[in-house]
Amino acid sequence: MLDLAIIVVNFNTRDYLRNCLTSIYDSRGDFTFEVCVVDNASSDGSADVVRAEFPQARLIESPVNGGFAYANNLGLRAYGFGSGGAADRSSHLPSSGDLPGPPRYALLLNPDTVLPPNALATMLEFMEEHPEAGVAGPKLVLEDGSLDLACRRSFPTPQIAFYRMVGLSKLFPRHPRFGRYNLTYLDPDQVAEVDSVVGAFMLVRREAIQQAGLLDEDFFMYGEDLDWAYRITQAGWKVYYNPAVAVLHVKRAASRNSRKAQREFYRAMHIFYHKHYARSTPFWLHWLVLTAISLRAGLLRVQQWLTSNGARRGSDVTRDGE
């Protein structure tokens, strides 16, 4: 039985993908693994690079960009995962009919990450030492050497989301109440049980996937990893942050200039809140949370409109002067 299936979802990040795959295949340790690259209809030749330079990887070319959850489910299903539950609505997509069973672990990995040689072996060893762990993630480090705060998080309950929306989490990052969104009051070099890690590197146990099902494709990007961790913890598993492994994360390589991606952040908040908290939230807090999300989303739309108009005016000035 295969120890690890690594699912790498790619969208127009060809050069980052090449570096990521190179680091994967440079991994050391006594375990078996396979890599599945799911290309979300890229236009930069990413799939050609995989075919030419990494023929040992499985390649799934989606004809559409269906989002992060959609593409990861394609890869997970290719290795025999899939519950047929509410979050698994794509039974027409590729699956593996000749595998003896799903691998012991699945890893969601962003193409804008670079792994140290011992990363996979150390994380797998951590999971073996913590049989109660359904999910684990490493310390993610940005290009400037700082911590990627998203690599360990609390679930965005109405209270925690409100602290985030009004800026209290930034004003008081060391406060154990206000700093709960990204757990900024915790030592980043200590192992911790957390609510969720980020889908940029999310190692998940086979049994946890079998109980919780696949990712929810209502999320296009953002929020699907939180939702998955939520459902896995509801099934009785624990989630751990393990800083013994440090992984470079470029962050938003595919979405940095995407307006759709920015809007999807707030849509994901709406989906997660309505799915898990709306029914149990007091009326006054319910509307406070919805108002805060809507205001932030509205401000984003105004900023995008102003930026677009500013760029258009600048373009007109340039053309007039030519």
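The values are calculated or read from the model by the stated rules, or taken from the named source; none is laboratory data. Quantities reported herein were computed from a predicted structural model and do not represent experimental measurements. Glycine gets a Cβ as well: all are built from the backbone with ideal geometry, and neighbour counts include every protein chain shown.
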Need the failing condition index for residue 211 against (1) surrounded by 21 or more Cβ atoms within 10 Å (Cβ to Cβ); (2) modelled with pLDDT of 95 or more, just the number.
(1)
Restricting attention to the stretch 161-206, report how many residues are among the β-branched types (Val, Ile, Thr) and surrounded by 20 or more Cβ atoms within 10 Å (Cβ to Cβ).
4
Would you confirm whether any residue within the stretch 271-291 is assigned by TED's automatic domain parsing to the domain that holds residue 191 and at pLDDT 85 or above?
no
Does the stretch 176-197 contain any residue that is without any contact (Cβ under 8 Å) to a residue 40 or more places away in the chain and not in a loop (DSSP other than H, G, I, E, B)?
no
Residue 146 - would you say it is surrounded by fewer than 16 Cβ atoms within 10 Å (Cβ to Cβ) and either at pLDDT 95 or above or not assigned by TED's automatic domain parsing to the domain that holds residue 180 (or both)?
yes
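Tell me the residue from 170, 139 that is basic (Lys, Arg) and either assigned to a helix (DSSP H, G or I) or over 22 Å from the mean Cα position of the chain (by Cα) (or both), please.
Working: 139 fails: either assigned to a helix (DSSP H, G or I) or over 22 Å from the mean Cα position of the chain (by Cα) (or both).
Sole residue among the options that is basic (Lys, Arg) and either assigned to a helix (DSSP H, G or I) or over 22 Å from the mean Cα position of the chain (by Cα) (or both): 170.
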How many residues, within the stretch 26-49, are farther than 20 Å from residue 199 by Cβ and among the hydrophobic types (A, V, I, L, M, F, W, C)?
3
Scanning for something more than 21 Å from the chain's Cα centre (by Cα), surrounded by fewer than 16 Cβ atoms within 10 Å (Cβ to Cβ) and not in a strand (DSSP E or B), does the stretch 16-27 turn up at least one residue?
yes
Please work out if residue 162 is in contact with a Ser or Thr (Cβ under 7 Å, 6 or more places away or on another chain) and in contact (Cβ under 8 Å) with a residue 40 or more places away in the chain.
no
